[in-house]
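Step one of this worksheet: look at the structure below.
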Amino acid sequence: MIIDDKVELRKFQFEDSDFKKSSYTPAYPYVPYCCVMVGKKDGAVAVRDSKDASKTTLVFNEAEWIAFVKGVKSGEFDL
């Protein structure tokens, strides 16, 4: 199911347990590593800061997320 309406996407409620952190993030709890966490639920993908979950969570539909991942893999965002 692809959700195109941004208002509908903002209605999704993600719980802490819905998010996963990258396996590339070191497991040192005392070192403040910067990483993002990603959660997927019912056609929506949410992204948030792993260090501060209270900050704004960004929510995308599946098509937007797939386009972003393809862009990352192809080097589109390399500086």
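The values are calculated or read from the model by the stated rules, or taken from the named source; none is laboratory data. Predicted, not measured: the structure shown is a model, and the values here were computed from it. Glycine gets a Cβ as well: all are built from the backbone with ideal geometry, and neighbour counts include every protein chain shown.
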Reported set for segment 32-79 where residues are among the acidic types (Asp, Glu) and on the phi > 0 side of the Ramachandran plot is Asp42
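For (1) within 14 Å of the chain's Cα centre (by Cα); (2) modelled with pLDDT of 80 or more, each residue gets a yes or a no:
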| residue | (1), (2) |
| --- | --- |
| Asp16 | yes, yes |
| Phe19 | yes, yes |
| Tyr24 | no, no |
| Val31 | no, no |
| Lys73 | no, yes |
Lys55 meets each of (1) modelled with pLDDT of 85 or more; (2) in contact with a Lys or Arg (Cβ under 9 Å, 6 or more places away or on another chain) with one exception, condition (1)
By residue number, the members of segment 43-58 that are free of Cβ contacts under 8 Å to residues at least 24 places away in the same chain and among the β-branched types (Val, Ile, Thr) are Val45, Val47, Thr56
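Restricting the search to segment 64-79, which residues are aliphatic (A, V, I, L, M) and in a loop (DSSP other than H, G, I, E, B)?
Of all residues in segment 64-79, those aliphatic (A, V, I, L, M) come to 66-67, 69, 72, 79.
Residue satisfying the conditions is Leu79 alone.
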Restricted to segment 47-63 and to residues being part of a strand (DSSP E or B) and out of contact with any Gly (no Cβ under 7 Å at 6 or more places or on another chain), the residue surrounded by the most Cβ atoms within 10 Å (Cβ to Cβ) is Val59
Exception for Arg10 within (1) at pLDDT 80 or above; (2) of a type in the set (Lys, Arg); (3) surrounded by fewer than 12 Cβ atoms within 10 Å (Cβ to Cβ) falls at (1)
